[in-house]
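What follows is a set of notes on a single structure, which appears directly below.
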Amino acid sequence: MEKVILAALQTKDKTKLEVENSLGELESLCLTAGAKSVAKLLQKRDVPDAAYFVGRGKALKIKEELERLNAGAVVFDDVLKPLQQRNLEKLIGKKVIDRTRVILDIFAYRARTKEGKLQVERAEMTYHLARLANRGVNMDSQTGGIGTRRGPGERKIESDKRLIRDAIAALDEKIAKIKERRDIQRSGRSNSDLPEIAIAGYTNAGKSTLLKCLSKSEVYADDRLFATLDPLTRKVKLPGGRTVLLTDTVGFIDKLPRDLTAAFRSTMEEILRAKCILHVIDISNPYRKKQIDAVLKVLSDIGAQDIPVITVYNKSDRLEAGGNNVALEEDACLISAKNSFAIKELLEKIENTVIPRHHVHKLKINYKNQKTLCKIYGLSNVKSELYNKKDILLTVESSDENWAKIKNIIKGDIKND
């Protein structure tokens with residue numbers, strides 16, 4: 001495992017405690033990415049240094065520590081500007097990595113679906129494109145014009161930038177095609193009577209564990225940052241007998257790189273289709289308030305601020321004795337997905353939030369209309385079936401919206417209960 005030094009800047013708008021907490025999170029990110037922190041350095045400045053971020057003197061101190069501890073890289077807990085990164089690399093003589101690069105590495109390793117991999121690749125190209133502009137330019141690397149006369153042509157750096165932009169455009173096209181296929185699948189879901197619910201929250205808050213607990217199905221979950229990236233949907237049965245679709249989404253994090261937010265926007269659109277959002281919070285984390293703010297900011301950025309939210313405080317099993325008496329805001333749920341504590345109460349709250357008022361209807365369908373029967377089963381909850389020689393008498397429960405769809409499908413004699 002590669003040894004790294006972590007470095008952070010405490011500006012006038014941050015407290016030392018906030019910076020140290022962020023450094024602890026960066027340490028976990030590095031561990032997930034396959035690097036071990038051997039030292040943490042903190043520099044206090046009112047504003048970042050334009051050339052070296054932490055200042056030339058602190059940069060030289062970092063160089064000494066890297067050599068003393070035989071570490072291979074320094075990781076900064078902020079987004080470095082391309083010029084700052086280049087200057088630091090020249091001065092220090094070893095790898096200089098920022099928080100964005102670490103998160104990109106984790107996403108590249110964790111992405112499993114084709115779309116997820118394409119989205120990460122796009123974010124990485126955007127990241128490198130910005131740094132290409134500050135790379136040293138070889139003035140001799142030029143391409144000439146038509147004929148033998150050599151004009152100013154195109155510098156090598158401009159050629160490289162154009163190639164990256166073309167590659168990004170090609171990736172956007174591939175992602176758009178995958179999105180089209182997913183939209184078709186989504187339209188099939190919307191024609192059913194199964195409300196969609198999205199699980200959102202800070203990374204490692206226990207979202208995947210909650211999905212596993214609620215759906216009683218095999219879902220990969222691990223106690224680490226960004227254990228899962230690709231959205232996963234499972235059916236969940238509510239106490240009243242109805243079924244909903246529950247989707248686990250990518251975890252959020254403070255200082256989430258803008259390129260990743262943009263790249264994963266199509267994945268995050270799963271949230272926008274939801275009737276309700278389960279905002280999962282790790283109640284055992286002392287800095288949960290800041291994590292809550294980070295999640296709410298991303299939800300607002302993608303346009304999900306008007307969707308009903310159920311606040312779910314998870315990991316109550318990690319609280320000390322008597323911790324279950326912690327004061328929570330009204331309508332919040334305190335659960336333990338790991339131990340299935342208070343899961344029934346959460347399901348009841350979900351049911352009261354997303355299930356529309358349903359009515360019972362009776363209808364008669366001919367045996368031969370198998371396609372019609374299949375559509376009715378998809379649009380309603382069939383309460384009973386009564387068979388005679390030619391027809392099936394159905395008692396169904398559905399929302400007003402889906403009942404209107406059923407009436408348009410069958411266009412026959414319908415007897416309301």
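Where residues in the stretch 61-91 are among the hydrophobic types (A, V, I, L, M, F, W, C), under 21 Å from residue 50 (Cβ atoms) and modelled with pLDDT of 95 or more, which of them is surrounded by the fewest Cβ atoms within 10 Å (Cβ to Cβ)?
First, pick out the residues of the stretch 61-91 that are among the hydrophobic types (A, V, I, L, M, F, W, C): 62, 66, 69, 71, 73-76, 79-80, 83, 88, 91.
From what's left, under 21 Å from residue 50 (Cβ atoms): 62, 74-76, 79-80, 83, 88, 91.
Applying the additional criterion that residues be modelled with pLDDT of 95 or more yields 62, 74-76, 88, 91.
Working: 62: 25, 74: 25, 75: 25, 76: 26, 88: 26, 91: 15.
The residue in question is 91.
Condition first: farther than 19 Å from residue 171 by Cβ and of a type outside the set (Val, Ile, Thr). Now tell me which residues in the stretch 102-133 satisfy that.
Let us first name the residues in the stretch 102-133 that are farther than 19 Å from residue 171 by Cβ, namely 102, 106, 133.
133, the sole residue that qualifies.
What do you reckon, is residue 371 in contact with a Phe, Trp or Tyr (Cβ under 9 Å, 6 or more places away or on another chain), without any contact (Cβ under 8 Å) to a residue 12 or more places away in the chain and more than 17 Å from residue 197 (Cα to Cα)?
Working: in contact with a Phe, Trp or Tyr (Cβ under 9 Å, 6 or more places away or on another chain): no; without any contact (Cβ under 8 Å) to a residue 12 or more places away in the chain: yes; more than 17 Å from residue 197 (Cα to Cα): yes.
Judged against the criteria, residue 371 is not a match.
Yes/no matrix, rows are residues, columns are (1) over 16 Å from the mean Cα position of the chain (by Cα); (2) crowded, with 20+ Cβ neighbours inside 10 Å; (3) not in a helix (DSSP H, G or I):
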| site | (1), (2), (3) |
| --- | --- |
| 271 | no, yes, no |
| 280 | no, yes, yes |
| 291 | no, yes, no |
| 300 | no, no, no |
| 307 | yes, no, yes |
| 317 | yes, no, no |
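Residue-by-condition table, conditions (1) assigned to a strand (DSSP E or B); (2) basic (Lys, Arg):
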position: 361; (1), (2): yes, no
position: 372; (1), (2): no, no
position: 383; (1), (2): yes, yes
position: 392; (1), (2): yes, no
position: 395; (1), (2): yes, no
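So which residues in the stretch 102-112 are more than 14 Å from the chain's Cα centre (by Cα) and surrounded by fewer than 20 Cβ atoms within 10 Å (Cβ to Cβ)? Break it down stepwise before answering.
Taking the stretch 102-112 first, the residues more than 14 Å from the chain's Cα centre (by Cα) are 102, 105, 109.
105, 109 - these are the residues of the stretch 102-112 that are more than 14 Å from the chain's Cα centre (by Cα) and surrounded by fewer than 20 Cβ atoms within 10 Å (Cβ to Cβ).
The values are calculated or read from the model by the stated rules, or taken from the named source; none is laboratory data. Only a predicted model underlies this, so the values are computations on that prediction, with no experimental measurement involved. Cβ sites come from the backbone with ideal geometry, for glycine too, and all protein chains shown count toward neighbours.
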